[in-house]
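As structure tokens, the structure follows; a few thoughts come after it.
No lab work stands behind these numbers, since they all come straight from the coordinates. Note that this is a predicted model, so its numbers are computed, not measured. Cβ atoms come from the backbone with ideal geometry, glycine included; neighbour counts cover every protein chain shown.
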Amino acid sequence: MEILDFGFTTAEFETRTVRMQKLMHEKELDAVFLTTEPNIRYYTGYYTQFWESPTRPWFLVIPLEGKPIAVIPGIGASGMRATWIEDIRTWSSPNPEDDGITLVSDVLNSLPSRFGRVGATLGLQSYLRMPTADYLSITEKVSKEFVDIAEDMHYLRSVKSPAEVEKIRRACAITNHGFDMIPSHAKVGQTEREICTQMRINMLQEGAEFVKYLISGSGPDGYDSIIMGPTSRVIEEGDVLIIDVGAVYDGYFSDFDRNFAFGHCSDETKRAYDCVYAATDAGFAAARPGATTTDVYNAMWKIMEAGGALGNEVGRLGHGLGTQLTEWPSNTATDNTVLEPGMVITLEPGMTYAKGKDMVHEENIVITEDGAEWLTRRASEHITIID
């Protein structure tokens, strides 16, 4: 089979399209209209850093039958031709007065109107990567009704193929390597930023494509934030440092953290670490086909509640993972998404165990036919102390 630059066979994209078109028949949709990088990349394999430029909109139309149709700025035509997509419509962009709006509207109007409906990601955990006024203009120009398929899109992407799982597994191995190296280079007197910069270098040398997410938090015997940093704060004796990393390998993320104490930490902090570690085990045991994300949440929270948790400010205890650092679903008390083989999720038990002190632990797993499998190599059973 032909291997595309994105690292998949053409059959991978054909299968994804067929799955979508099966859903389209069930939902009575004549077409699906996609505008964001993760969704367009999922069906085309078109992989470029140019998405970092917000100037130009990009569109993909999936018809009820046949291959997707790319409606993109002319600057991207040669790259799209390298994918399995054949029907590529272009315009000269940026063109604020009509930035592809007429062109993509004509494509949608040209498709057979069996149901008179177009699916678009308009709801839960979604957005439109285009001016709102332009989207509204399209809905006026197109004779079909636009309906939300955000959750359906999330579901389709949540069930990974074996090839996707292997990319995530490799991203996790690279990240594990970065964490393994920390005790050899991190020391008292360095800043969070210096420690994290060296970790980033180590992961890039190990084969990471990007390290798009790398945060840290530290403080005396604990930390109170897991989404900021790294900062210029100098690590001192008795500090606890958390580093949370999303490294990318061939377009797929890892996402997990590790905790380190410098010199020593209190028994209270050690117990908190042991508690979230045990909660991760409980979440892993609960993660199996037919169980729900809420079952996984409850299994983890039960351990932390018994361990003296004062609360959980994160709001969830893990999430989906793939071409985005965080994907649907969420491990919450009310999510209730049914787990299926091929779903990749994070287990992220976190708790406030004292005033101004949080403890968070995260691992990545894939749901299998008879349970779950670790994609990360487990953290140490007890908190790592760097002398």
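Computed quantities for the displayed model
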{"quantity": "Size of charge dipole - the chain - debye, nearest 20, with Cβ of Lys, Arg +1 and Asp, Glu -1, no other charges", "calculated": "460"}
{"quantity": "Value of relative contact order over the range 234-292, rounded to a whole percent, pairs C-alpha under 8 Å and six or more apart", "calculated": "29"}
{"quantity": "Helix axis angle, 192-206 relative to the chain longest principal axis, alpha carbon, degrees", "calculated": "60"}
{"quantity": "Part-to-part distance (alpha-carbon centres) for the range 244-274 and the range 279-358, which is given in Å", "calculated": "16"}
{"quantity": "Relative counts (whole %) of C-alpha pair distances in the range 10-157, using bins that are 10 Å wide", "calculated": "11, 46, 38, 5"}
{"quantity": "Label selected from (1) 1.07; (2) 1.39; (3) 1.00, the criterion being Cα Rg over 2.2 N^0.38 Å as computed here", "calculated": "(1)"}
{"quantity": "All aspartates and glutamates inside 14 Å of Lys67 as judged from Cα atoms, apart from same-chain residues fewer than 8 positions distant", "calculated": "Glu12, Glu14, Asp30, Glu86, Asp87"}
{"quantity": "Cβ-based charge dipole, the chain, positive-most Cα from Trp91, Thr326, Ile345", "calculated": "Trp91"}
{"quantity": "Lys/Arg +1, Asp/Glu -1 at C-beta; the chain dipole; positive extreme among Gln21, Thr280, Phe262", "calculated": "Gln21"}
{"quantity": "Radius 14 Å from Cβ of Thr337, net charge of other residues (Lys, Arg +1; Asp, Glu -1)", "calculated": "-3"}
{"quantity": "Residue order, fewest to most beta carbons within 10 Å, for Lys167, Lys144", "calculated": "Lys144, Lys167"}
{"quantity": "Under 9 Å, Cβ to Cβ, from Lys357 - net charge with Lys/Arg +1 and Asp/Glu -1", "calculated": "-3"}
